[in-house]
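What follows is a set of notes on a single structure, which appears directly below.
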Amino acid sequence: MTSQLSSFRRFPTAFAIVAASALAFTGLIASTSPAYAQSGDYRCTGLAEQASSAAGTADAGKQSNAKRFVSTGKKLCEAGNERAAAKQFRAALKLAGVAEVQADNKMASAN
């Protein structure tokens, strides 16, 4: 009977170790989540806004294409592909005939 009692005494300790490991793993996953999920990337915030407003002011013939580039870029941002999204946004800006205004941001100069 004493061996059963000692097993029951060890159970809370083992449970605490497993629970602590699970919390640590969850914290690790949360800290290594993609950057777009943690903070706004210039390519998916500032550049997206520029392209969206430029697409709205583009000529009638080019407006639908520019809006399509912006829509594709936004979907790429949601998927976490900021680089490809930036290419779509820049294509929309070029089509609308608007120059990109780069903010004082390291990501703006990265591309």
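The values are calculated or read from the model by the stated rules, or taken from the named source; none is laboratory data. Nothing here was measured: the structure is a model prediction, and the numbers come from that model. The protein model used for the area step is the full one, side chains on, heavy atoms only, and it has no ligands, DNA or RNA in it. Shrake-Rupley method; radii C 1.70, N 1.55, O 1.52, S 1.80 Å.
Overview of values
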| item | result |
| --- | --- |
| Solvent exposure of the range 37-86 as accessible area per residue, Å², 1.4 Å probe | 55 |
| Which of LYS75, LYS67 is most accessible, then next, and so on - probe 1.4 Å | LYS75, LYS67 |
